[in-house]
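Notes to accompany the following structure.
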Amino acid sequence: MKKKLIALLLTGALSIGLLAGCGSTPAATPDTDADTGAQGGDAGGPYQVGFSIAMRDQFWTSMENAMKPFAEANNIELNTLDANQDVATQLSQVQTWAADGYDAAIIGLANNDSAEDVLKAAGDMKVVFVNRQPSLDLLQDGKVVYVGTDETLYGKEQGNFLSKIFEDEGKTEVNIAMFMGTLGLDNVTKRTDSAKQALADNGIKANYVFENTAEWDRIKAMDQFSQFMGTGETVDAVICNNDEMALGVIEAMKTNGDKTVFCPVVGIDATDVGCAAVKEGTMACSVFQDPVAQGEGTLKCALGLIEGTAVDGLTDNYYNILPKLVTKDNVDEFMK
């Protein structure tokens, strides 16, 4: 009896072993690609990428929309969050993505000075800064890159455009109103200073009779310019760091006095509504900041960093996109 019991136990053990050998393989554990740090599979995704936008407006929304087809085609799960211009909020978003094992973070800086803190929060994640340039010293081969445009070129285009108008009018000294974005941001400083420098380089003496921040906002610019017009001071042109503020100035002009746009108003971005204003002649010019090229370029760079592959157009960790002047003569090229 004892021998029969032992035989039965041996037979059962052998059967279990055979079943284990013929069945499915053990559940795979998530593996890490040694080159990319991507969790959950081979090159080609799926990859998780977080996109922290500086603030929700038409430009950033256009950039996000441009990213979506590229993300879908390349098996990238894109998670977009709005930092609402708040550094603490943005850092919290990045820390959460790092803790959740995201492959990369795309950052439109809430403040240019926070770039180093963003990198600390990102840990081992790849980081692509977009549109708002960090210190170029922070860029790192294979880990940290920047996608955008030399911001000084936007203001230079505005200044050169207005200089030609003043020259044609025989003016060498003019009064200028200047509307700036959020103070302290690198792009605000560069756009403002380069516009002033371009006027000076073209021999135009500019008196800045109004100079203030409207924080990129149309309504704030409208209110401020309405108050300015009440002072009786005259201006020969209004320079704005973006289209939204330019549109606010135009609205103020239309609702006061003789309700006409009485001097050139120039913006930056060439948004849909900005282009419409250029076409109708109320905005003298805008400077095209390409959200599609920036959005697609950003994801191309993120994918290249994750997979450890070269990216066409990326030089010294800088993916440069040149601006284009938009006037009534060529605005149709920029309208959807």
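The values are calculated or read from the model by the stated rules, or taken from the named source; none is laboratory data. The structure presented is a predicted model; accordingly, all values stated were derived computationally and were not measured. Here Cβ is always computed from backbone atoms with ideal geometry, including for glycine, and neighbour counts include all displayed protein chains.
One residue alone among Asp137, Asp117 is of a type outside the set (Phe, Trp, Tyr), out of contact with any Gly (no Cβ under 7 Å at 6 or more places or on another chain), assigned to a helix (DSSP H, G or I) and without any contact (Cβ under 8 Å) to a residue 24 or more places away in the chain, and that residue is Asp137. For region 180-195, a tally of residues being under 16 Å from Thr213 (Cα atoms) and in contact with a Gly (Cβ under 8 Å, 6 or more places away or on another chain) returns 7. Checking Val278, Val261, Val292 one by one, the residue that is at pLDDT below 95 and either surrounded by fewer than 20 Cβ atoms within 10 Å (Cβ to Cβ) or touching a Lys or Arg at 6+ places or on another chain (Cβ under 8 Å) (or both) is Val292 and no other. For the residues Thr182, Thr192, Thr213, the requirement of being within 16 Å of Met55 (Cβ to Cβ) and crowded, with 20+ Cβ neighbours inside 10 Å singles out Thr213. If you take the residues in region 81-114 that are surrounded by 20 or more Cβ atoms within 10 Å (Cβ to Cβ) and among the β-branched types (Val, Ile, Thr), which one is farthest from the chain's Cα centre (by Cα)? For region 81-114, the residue satisfying everything is Val94.
Within region 225-235, can one find any residue that is aliphatic (A, V, I, L, M), in a loop (DSSP other than H, G, I, E, B) and either in contact (Cβ under 8 Å) with a residue 12 or more places away in the chain or out of contact with any Ser or Thr (no Cβ under 7 Å at 6 or more places or on another chain) (or both)? Yes, because at least one residue in region 225-235 is aliphatic (A, V, I, L, M), in a loop (DSSP other than H, G, I, E, B) and either in contact (Cβ under 8 Å) with a residue 12 or more places away in the chain or out of contact with any Ser or Thr (no Cβ under 7 Å at 6 or more places or on another chain) (or both).
If you take the residues of region 125-138 that are farther than 22 Å from Pro291 by Cβ and modelled with pLDDT of 95 or more, which of them is surrounded by the fewest Cβ atoms within 10 Å (Cβ to Cβ)? The extreme case among them is Asp137.
In region 163-218, what count of residues is obtained for those that are more than 12 Å from Asp236 (Cα to Cα), within 28 Å of the chain's Cα centre (by Cα) and not β-branched (Val, Ile, Thr)? Of the residues in region 163-218, 24 are more than 12 Å from Asp236 (Cα to Cα), within 28 Å of the chain's Cα centre (by Cα) and not β-branched (Val, Ile, Thr).
Looking only at region 206-214, decide whether some residue is of a type in the set (A, V, I, L, M), touching a helix residue (DSSP H, G or I) at 6+ places or on another chain (Cβ under 6 Å), without any contact (Cβ under 8 Å) to a residue 40 or more places away in the chain and closer than 26 Å to Ser135 by Cα. Scanning region 206-214 turns up at least one residue that is of a type in the set (A, V, I, L, M), touching a helix residue (DSSP H, G or I) at 6+ places or on another chain (Cβ under 6 Å), without any contact (Cβ under 8 Å) to a residue 40 or more places away in the chain and closer than 26 Å to Ser135 by Cα.
Residues in region 191-212 that are assigned to a helix (DSSP H, G or I) and over 17 Å from Met245 (Cα atoms): Asp193, Ser194, Lys196, Gln197, Ala198, Leu199, Ala200, Asp201.
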